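Colleague: The structure follows.
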């Protein structure tokens, strides 16, 4: 049954929230498990719709997949399917990441063109050019990609843009290629480092992850292993911003501090108090916050996945803030929904000017994508009256038990049937 999230704003957030492990690390790690011939155990996997989709895709391709408490166990020895059909890829763009591993393991792959959040074109050409450089024959036909090879060969690959997905796809493929692959202008996100650490745990030989140049020495085979992914920096940032918007005294646990430095810096600039501990952050707000300017950039810059949440916070800050989106060309879809709640925002091309007001007001709104949904929850926590958020399946793709976590720290928030 379809549901909606209902929020009665005005309550401060007080207490502790524990961040789940990172969706954007877990999905490629689950997919990388198809490279291994033995059993892989991924620990502390969050309960997310995208995780369920990934597990279903792996099963479709012949893997044995089992949930054991919070862990997922994958046996890919019987990998047989070489196709990721549209029913999976339209639901989750990360499904396209099976292309490289399938080519490396089976020598052939058929992948439907991607879906996922409608926040920009996010072209796949970087993935395909890299695999072609490694010797794959690639053909686009009737809405899908067909690729085949005898064995991928090491290659020198330069990415025109530091794409996270392309870096992950090529790094996985290169792990079983013959010879050395060098990826230049590679993405530097923490999730790239986490994937490289997992691949190395399985026997890969990867150096330089987290820098612009990654070197991979291909090996003959990989073995399964046990691994715990990193905490979710975007979930952590979302709760930090929610605390700043609603006020109160919130401690966010299970954080790698270095991964959320850009959000910490902006919250401090706005006037929030942020206390850093070893694996936790405490956010307190006892006065109106000041508007700031934000420009999204690839890591280690300010993350595009936090832009919508920060815009919601700027809507109730003092002064005018300018938000510039440089990563995706269509990531202001949440603006019209925030304006339904009274936000004063003007958009021109990739820039939004946000004039802060003292209070937003509750309204029926719709989550247009994953992070837009989180932004609407942030706005609703800071608003007067009642806000109803529909299309919450987007939120369920990336936030594990967001309603329960916020409720336990004082938010008046609940999930109800959509027709209620």
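Colleague: Quick test for you: out of 375, 379, pick the one residue that is touching a strand residue (DSSP E or B) at 6+ places or on another chain (Cβ under 9 Å), under 16 Å from residue 315 (Cβ atoms) and buried (at least 22 other Cβ atoms within 10 Å of the Cβ).
Modeller: Criteria check complete, one pass: 379.
Colleague: Another question, if that's okay. May I ask you to say which residue of 104, 94 is on the phi < 0 side of the Ramachandran plot and either under 17 Å from the mean Cα position of the chain (by Cα) or outside any helix (DSSP H, G or I) (or both)?
Modeller: Of 104, 94, the one residue that is on the phi < 0 side of the Ramachandran plot and either under 17 Å from the mean Cα position of the chain (by Cα) or outside any helix (DSSP H, G or I) (or both) is 94.
Colleague: Moving on to the next point. Looking only at the range 174-201, filter to residues that are out of contact with any helix residue (DSSP H, G or I) (no Cβ under 7 Å at 6 or more places or on another chain) and in contact (Cβ under 8 Å) with a residue 40 or more places away in the chain; which one of those is surrounded by the fewest Cβ atoms within 10 Å (Cβ to Cβ)?
Modeller: 178
Colleague: Scan the range 141-150 residue by residue and report those that are in a loop (DSSP other than H, G, I, E, B) and farther than 16 Å from residue 169 by Cα.
Modeller: Within the range 141-150, 142, 143, 150 qualify.
Colleague: Do you know which residues across the range 292-317 are closer than 13 Å to residue 353 by Cα and surrounded by fewer than 19 Cβ atoms within 10 Å (Cβ to Cβ)?
Modeller: Once the filter is applied, which keeps residues that are closer than 13 Å to residue 353 by Cα and surrounded by fewer than 19 Cβ atoms within 10 Å (Cβ to Cβ), the range 292-317 yields 293, 295.
Colleague: Now for a different question. Quick check on my filter: what residues within the range 353-366 are surrounded by 24 or more Cβ atoms within 10 Å (Cβ to Cβ) and either at pLDDT below 95 or closer than 18 Å to residue 325 by Cβ (or both)?
Modeller: 354 - this is the single residue of the range 353-366 that is surrounded by 24 or more Cβ atoms within 10 Å (Cβ to Cβ) and either at pLDDT below 95 or closer than 18 Å to residue 325 by Cβ (or both).
Colleague: Is it true that residue 280 is under 21 Å from residue 405 (Cα atoms) and either modelled with pLDDT under 95 or surrounded by 24 or more Cβ atoms within 10 Å (Cβ to Cβ) (or both)?
Modeller: Criteria not met by residue 280.
Colleague: Any idea how many residues of the range 130-140 are part of a strand (DSSP E or B) and either in contact (Cβ under 8 Å) with a residue 60 or more places away in the chain or closer than 20 Å to residue 178 by Cα (or both)?
Modeller: 2
Colleague: When residues of the range 178-198 are filtered for being in contact with a strand residue (DSSP E or B) (Cβ under 6 Å, 6 or more places away or on another chain) and closer than 25 Å to residue 78 by Cα, how many remain?
Modeller: 3
Colleague: Evaluate the following for residue 114: is it touching a helix residue (DSSP H, G or I) at 6+ places or on another chain (Cβ under 8 Å), surrounded by fewer than 24 Cβ atoms within 10 Å (Cβ to Cβ) and either at pLDDT 95 or above or at positive phi (or both)?
Modeller: Considered against the rule, which asks whether it is touching a helix residue (DSSP H, G or I) at 6+ places or on another chain (Cβ under 8 Å), surrounded by fewer than 24 Cβ atoms within 10 Å (Cβ to Cβ) and either at pLDDT 95 or above or at positive phi (or both), residue 114 comes out as no.
Colleague: Also, I was wondering about something else. Which is in contact with a strand residue (DSSP E or B) (Cβ under 7 Å, 6 or more places away or on another chain) and either under 30 Å from residue 257 (Cα atoms) or surrounded by fewer than 23 Cβ atoms within 10 Å (Cβ to Cβ) (or both), of 45, 89, 98, 51?
Modeller: Exactly one of 45, 89, 98, 51 is in contact with a strand residue (DSSP E or B) (Cβ under 7 Å, 6 or more places away or on another chain) and either under 30 Å from residue 257 (Cα atoms) or surrounded by fewer than 23 Cβ atoms within 10 Å (Cβ to Cβ) (or both), namely 45.
Colleague: Another question, then. Considering only the range 383-404, state which residues are over 19 Å from the mean Cα position of the chain (by Cα) and either surrounded by 22 or more Cβ atoms within 10 Å (Cβ to Cβ) or not assigned by TED's automatic domain parsing to the domain that holds residue 311 (or both).
Modeller: 383, 387, 389
Colleague: Okay, moving on. So is residue 142 assigned by TED's automatic domain parsing to the domain that holds residue 217 and over 13 Å from residue 109 (Cα atoms) or not?
Modeller: Here the answer is yes, as residue 142 does meet what is asked.
Colleague: Shifting gears a bit: Filter the range 8-32 down to the residues that are in a strand (DSSP E or B) and over 21 Å from residue 47 (Cβ atoms) and list them by number.
Modeller: 8, 13, 14, 15
Colleague: Still on this structure, please answer the following. If we scan the range 29-44, do we find a residue that is without any contact (Cβ under 8 Å) to a residue 12 or more places away in the chain and in contact with a helix residue (DSSP H, G or I) (Cβ under 8 Å, 6 or more places away or on another chain)?
Modeller: Looking through the range 29-44, none of the residues is without any contact (Cβ under 8 Å) to a residue 12 or more places away in the chain and in contact with a helix residue (DSSP H, G or I) (Cβ under 8 Å, 6 or more places away or on another chain).
Colleague: Sticking with this one: Tell me, which residue of the range 334-352 that is within 25 Å of the chain's Cα centre (by Cα) and buried (at least 18 other Cβ atoms within 10 Å of the Cβ) is nearest to residue 384 (Cα to Cα)?
Modeller: Here the answer is 338.
The values are calculated or read from the model by the stated rules, or taken from the named source; none is laboratory data. It should be emphasised that the depicted structure is a prediction, and the values quoted were computed from it without experimental measurement. Virtual Cβ from ideal backbone geometry, glycine too; neighbours counted across all protein chains shown.
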